[in-house]
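Asker: Pasting a structure below so you can have a look.
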Amino acid sequence: MFSDTMALTVAGVAKTLTRINQDGYGAEYLLRESTLEYRVKIRHGNASDPNKVTQDRHNVEITRRVFATATTPELNDKVYYVDQILAGRSAADLAKAIFDWSTASSNANLLKLEGWES
């Protein structure tokens, strides 16, 4: 089990989220500030591939909600990661490879992705 708090750095600023829910299939963490909130959800389950082979599915999702003001609407951003593998196997090496690629050169590849490059 992960700890009761989760430390994230967002745009160079440290954020500490506190676990608000825990069950057998996941957990949820939250940090609510005056103008926005961060929420992280960790979920576990099963899925089937096209060959009907059951696989373990693990998902981590982070959302940022900027609260509406008198002059601006509410904004919601979401980023998530999923791995889906046969039980007992690990895809940590693949996850690390894609995370390293994504954040190489000061996040250049993420910015290209968000610019519709492929």
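The values are calculated or read from the model by the stated rules, or taken from the named source; none is laboratory data. This one's a predicted model, so the numbers in the text were calculated from it and none came from an experiment. Cβ coordinates were reconstructed from backbone atoms using ideal geometry, including for glycine residues, and neighbour counts include every protein chain displayed.
Asker: Checking the conditions here, which among THR72, THR54 is exposed (fewer than 11 other Cβ atoms within 10 Å of the Cβ) and more than 22 Å from LYS96 (Cα to Cα)?
Answerer: THR72
Asker: May I pose another question? Restricting to segment 19-71, give me the number of residues that are at pLDDT 95 or above and either touching a helix residue (DSSP H, G or I) at 6+ places or on another chain (Cβ under 9 Å) or among the β-branched types (Val, Ile, Thr) (or both).
Answerer: Count: 10.
Asker: In segment 34-41, is there at least one residue being touching a Gly at 6+ places or on another chain (Cβ under 7 Å) and in a strand (DSSP E or B)?
Answerer: So far as segment 34-41 goes, yes, one or more of its residues are touching a Gly at 6+ places or on another chain (Cβ under 7 Å) and in a strand (DSSP E or B).
Asker: Mind telling me which of the residues VAL40, VAL82 ends up being aliphatic (A, V, I, L, M), in contact (Cβ under 8 Å) with a residue 24 or more places away in the chain, surrounded by fewer than 14 Cβ atoms within 10 Å (Cβ to Cβ) and closer than 20 Å to MET6 by Cα?
Answerer: VAL82
Asker: Can you give me the number of residues within segment 91-100 that are within 17 Å of VAL79 (Cβ to Cβ) and surrounded by 12 or more Cβ atoms within 10 Å (Cβ to Cβ)?
Answerer: 2
Asker: Which residue is nearest to GLU33 (Cα to Cα), if the candidates are limited to segment 48-89 and must be β-branched (Val, Ile, Thr) and under 21 Å from the mean Cα position of the chain (by Cα)? Break it down stepwise before answering.
Answerer: Of segment 48-89, the ones β-branched (Val, Ile, Thr) are 53-54, 60, 62-63, 66, 69, 71-72, 79, 82, 85.
Of the ones still in play, those that are also under 21 Å from the mean Cα position of the chain (by Cα) are 60, 62-63, 66, 79, 82, 85.
Details: VAL60: 21, ILE62: 16, THR63: 14, VAL66: 10, VAL79: 19, VAL82: 27, ILE85: 36 Å.
Only one residue tops the list, namely VAL66.
Asker: Let me ask something else about it. If TRP116 passes every condition in (1) part of a loop (DSSP other than H, G, I, E, B); (2) under 17 Å from the mean Cα position of the chain (by Cα) but one, which one does it miss?
Answerer: In the conditions (1) part of a loop (DSSP other than H, G, I, E, B); (2) under 17 Å from the mean Cα position of the chain (by Cα), TRP116 misses (2) alone.
Asker: Right, next: If you go through segment 22-33 one residue at a time, how many are assigned to a strand (DSSP E or B) and more than 16 Å from the chain's Cα centre (by Cα)?
Answerer: 3
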